[in-house]
Each structure stands twice: as structure tokens, then as C-alpha cells.
Amino acid sequence: VTDDWTIASLAEAIAGGRISPLEITRECLDRTARLGPRLRAFITVDEERALATARTLTDELASGRRRGPLHGVPLAYKDLCRIAGLPTSCGTATANYFVTDIECTAVVRLRAAGAVTLGSLNMSELAVGPFGDNAHHGDVENPRSPGHCAGGSSSGSAAAVAAGLALGTLGTDTGGSIRLPAACCGVVGLKPTYGRVSRAGVMPLSWSLDHVGPLARTVGDVALLLEAIAGHDPHDATSSRRPPPRLAGIDDGARGMRVGVPENFFFEGLAPAVEGAVRGTVGMLERLGATVKWMRVPDPAPLVGAAQIISSCEGATIHGRLLRERPDELQPVVRTRLDVGLHVSAVDYLQAMRVRSRAARVFIREVFREVDLLVAPVIPEPALLWVEAKAGSPGEVARRMGRFSRLTRPLNALGLPALSLPCGTSPDHRPLAVQIVGRPFDEASVLRLARACERETAWTSARPSPA
Amino acid sequence: MDERERQVTTAVADLAAVIERVGADLSLAEEPSGFTLALEAGSPTESQ
């Protein structure tokens, strides 16, 4: 059995009888048992039920039944997705922190498409924090760059894919929490348009900024997962009524696509390796036939402040009970960030929402009348060493967290689809990534441009590590 | 007031100053729900 599967190649091999759901599930579980203590990617491994499901799926295939495009594909989910029969800690010290009658809609849809659930994945406490540290469940190790942070908050989701513990995962993104760990661990992560994927059955951090999305090794795999989870859900009031995206054209190449590169904000204060890799990607896109335009975009900086007010107020509202009754359980930085929301005025919160509305309208109108997509860095620097990420006072750590996520947060406030794509490595072999941003609900173009890059490079074909 | 409380107080004051500045020229007609309309209006179906 190889550890070099993608979801697409595995699904095809399963359908063709070359490997069974039980065999691949066992392989993932064995790998998790071997690497788990070092990586700390999982919070709960649901071995017994995963094997039982895999046996059932294997039997169904033998009798000619295939549930869907993911039949027998082992997946795992961030530990804030409510999964029937499993505790949902949300990265806190409380095993059953998030209790709801509604199972995570995205998980239900993936299961209906034939996926096997391996378990729930480690994350930053309450999905707060871009590094992936967790005082209760352990800091997630970066499989591609030992000693460095995995990125957060969907740290386990990215690390599990990078290490080949799961073929694909779900994460959530309130300020970059899918794209940052994807970038740190060298995998692909997509934050879909706000409203594209249901948030039902997922612990909220900020109703206005939360997005659920997939992580996987390749762009094609992310597209497969998005197709399975997208679409209206009556359990989520913010869920769009648009039909799921049509992704048949993602192999059409970059020719003819109009790509904007922001001259302002996104290229300020970058590490040289990051800037070089992103500029290299831009050059490659030109060679592939895209029309590239360097352009000034409406300043995203006001959005960062507005988003901070929105997320802290909504987070403090949602997690107020924990904050009031058991504050000492929370990591100091998490507590401080939520505490801010208790003291922001209602007027400032509503002003932030109005600022966001205007900024979204202006940004979308100004940018997308000239280009189809934007390309920008994901993180100003490669993954930090753990000792660097956690050094200093809580205030210093909070400022470092702000710098680390400054390029992803505006896209949450704007609600636009944004994908993190590996685009090389630093001289010391840390993964680097580029962010591709599209019009609202135009995930198809985002995936098409990313797929064009992927086909030209070996960035997403790296085998899971460590071997 | 301990260090953590000072951080919270400073952060709240900073955010209030930011939002006062960037929201100073908002139109009276601007509503929080305008965000969803902006997404719908900017999607490919409507704009292309």
C-alpha cells in the first residue's frame, strides 16, 4: 500500500477494486498511531467506528454499491465540528464543550458521499490563534518543518494532511485559520465565500466572519471536497441559496484570466523568501497566458480593525459563560482577546459592521471590474519556530499573532473566496504559499488558477512527511 | 489593575479610536446587512 494517494487517485483505485476502504483506513490509522504522539494532530481517533464504517463500505462495494465520489476515502475534521458519537472540545479543557443536537452539515454531506470519519483534529483553543499552540491538547508539530509551528487555528487539519494521516480534512477560518496552517504545512486550503458552506453544527467563534472549508494535498482534491459540502442548508441562516459551484472547468488553464497583484498592503514587510516566491508565481502565471496587472486595491487596513471588533464582540458573546465562570481554564492570550469583546460598545460593534458593508461593496466593485482574481502572499513570513512564536509576554504574543495573520484577515471581512496554495520553500525548507482570491461565489475561477499553477510545478505533489 | 487588564483597556481604546476614524464618513443609509447584498451583487452571475 502506498502513502502517496490523493483523494482523486484513491477514489478511483477504490472504485476499480485496487485497494479497499478497509485497507486504506487501516493504513491511515496505523500511520496516526505511529506519528500521532509526535505530531499531536488528533484530539480523538475514532478507530473502532472508522474500521466498522470501512468494513461496511468495503462490503457495499463488493455488492456493487458506491455511495458517492468519496466512497471509502478517510477524512478527519477539526474538533469544533459536531460529529455524532464523539466529544467536541473545540480545543478547550472541556471534552464536551460544544453540545448541539445538529450534527455538522459538512460532515454529514461528506459521509453521504462515502467518506470514512477517522476522528477529530487538534486546533487552537476556541479557534483563537494563528500558530496552532494548545495548552490542553499539545502544540501541533509541523510535519514539513519540525520545530516550527503548524499554523492555526486549524493546525491539526493541515498537519494531518501533510503527514498523510488523512486524505482530506475540514477546517474553519475566521481570520485565516484554514489558509495559515495550510501555508505553514505545505498543503492546499480553501476558505470559500461567506455563505457557500454551511456552518451548522460547527462551534461559532464569530457568526459574521466564520467560514468552513476543506484542506487537502492538491487543488483537485479540495475541489472534490468543496463539491461535496457546498450548497444551501436550512439549518444555517447565512447559508446562500445559490446552487453549488460548477467545477468542471478547473482544468481549463490560466490563459485569458485577468489576475491582479496588489501593490499596496499585501507586499509590505514581507520576508524576502515569501516575496520572491509570490513574485515567481506571478511570473509563471504570465507565462501561462494570464494577463497580470499590478494595481492598487482599496486599503484593507480599516477592515482589519473592524474585523477585530466584530470577532471579539461575537466571540465574547458566544463564549461569555466560559469567560465569566472558568477564565483560568483559558490560555492567557485567548482570554485577553475574548475579554476585549466584553468591553467594546454596541455602537462600535455596529459601526464595525457598517464599515465592513461599505468596504466590501467598494472593494468588490473597484477590484473585480478590472481583474478576475487577486494573487497575494498568505503570511508575511514562513512558519515560525515554536520558541519564537511563543516568546515574550501575552501582549507581545498577541502583537506577533496580529502580524502573522494580517494578510488573511481582510478576506474574512470581505467574505471573498481565498485559497492558500504552496508555492515553494524557503532556503531552510519551510513551506511558502500564495493566496488566490476571487469574486464572491466564484470558487471555480480560484480553483482554476490554482490548478494551472499546480500543473506547472511540483509544489503540491510532495509526499506526506515525515515518511 | 494588572497587566492583563491594562492590555484589555488599551486594546478597547485603540479599537474605539480606529472605528471612530474609519466610520466617520459613513452614509446614514449604510446598514450592517449591506454586506450580504455586496456579496450577491458582486458575484459572477450579476457582474459578468
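Taken together, the values in this text are just the output of simple stated rules run on the coordinates, not laboratory data. Being a predicted model, the structure only gives us computed values, none of them experimental. So basically every Cβ, Gly included, is an ideal-geometry build from the backbone, and we count neighbours across all protein chains shown.
If the cut-off is a Cα-Cα distance under 15 Å, which aspartates and glutamates reach A:Lys191, setting aside same-chain residues fewer than 8 apart in sequence? By straight Cα distance, A:Lys191 reaches A:Asp173, A:Asp210, A:Asp221, A:Glu227, A:Asp442, A:Glu443. Between A:Ala135 and A:Leu342, the FRET efficiency from the beta-carbon distance, with R0 = 25 Å, is close to 0.70. Packing here is the average count of other Cβ atoms within 10 Å per residue, and on that basis the peptides A:217-226, A:283-292, A:24-33, highest first, run A:217-226, A:24-33, A:283-292.
Candidate cross-link partners of A:Lys390 among the aspartates and glutamates, defined by an alpha-carbon separation under 12 Å and a same-chain spacing of 8 or more, comprise A:Asp133, A:Asp139.
Listed values for segment A:112-123 are Karplus-derived 3J(HN,Hα) couplings in whole Hz (6.51 cos²θ - 1.76 cosθ + 1.60, θ = phi - 60°), namely 5, 7, x, 6, 9, 8, 8, x, 10, 10, 4, 6, and x replaces Gly and Pro.
The phi torsions of segment A:312-324, fed into the Karplus equation with coefficients 6.51, -1.76 and 1.60 and a -60° offset, translate into couplings of 5, 5, 5, x, 5, 5, 5, 9, x, 5, 4, 5, 7 Hz, rounded to whole numbers, with Gly and Pro shown as x. Note on A:Arg55, A:Arg439: ascending count of other Cβ atoms within 10 Å places them as A:Arg55, A:Arg439, the fewest first.
Counting every other Cβ atom within 10 Å of each residue's Cβ, A:Thr6, A:Thr56 order from fewest to most as A:Thr56, A:Thr6.
Charging the Cβ of each Asp and Glu at -1 and of each Lys and Arg at +1, and nothing else, the dipole of the protein assembly as shown about its Cα centre rounds to 700 debye. Projected over all directions and averaged, the alpha-carbon convex hull of chain A occupies 19.7 nm². Sorting A:Ser465, A:Ser445, A:Ser154 by the number of Cβ atoms found within 10 Å of their own Cβ, with the fewest placed first, yields A:Ser465, A:Ser445, A:Ser154. Summed over qualifying helices (DSSP H, 4 residues or more, each -39500 (n - 2.57)) and divided by its residue number, chain A shows a 222 nm mean residue ellipticity of -12500 deg cm²/dmol. Beta bridges assigned by DSSP with both partners in segment A:1-156 are antiparallel in approximately 50 percent of cases. Counting only DSSP beta bridges whose two residues both lie in chain A, roughly 65 percent are antiparallel. With a 10 Å cut-off around each Cβ of A:431-442, the average count of Cβ atoms from other chains is 3. One Cα centroid belongs to segment B:1-44, the other to segment A:115-174; the line between them spans 30 Å.
Annotation: extensible slack from A:Arg255 through A:Met295 equals 12.4 nm (criterion: 0.36 nm per residue apart, minus Cα-Cα distance). Computed from Cα positions, the angle between helix B:3-22 and the longest principal axis of chain B comes to roughly 40 degrees. Simple spin-label estimate for A:Asn96 and B:Arg6 gives 4.3 nm between the two label positions (7 Å along the Cα-to-Cβ direction from each Cα). The label-point distance for A:Arg241 and A:Glu325, in a model that sets each label 7 Å from Cα toward Cβ, rounds to 3.9 nm.
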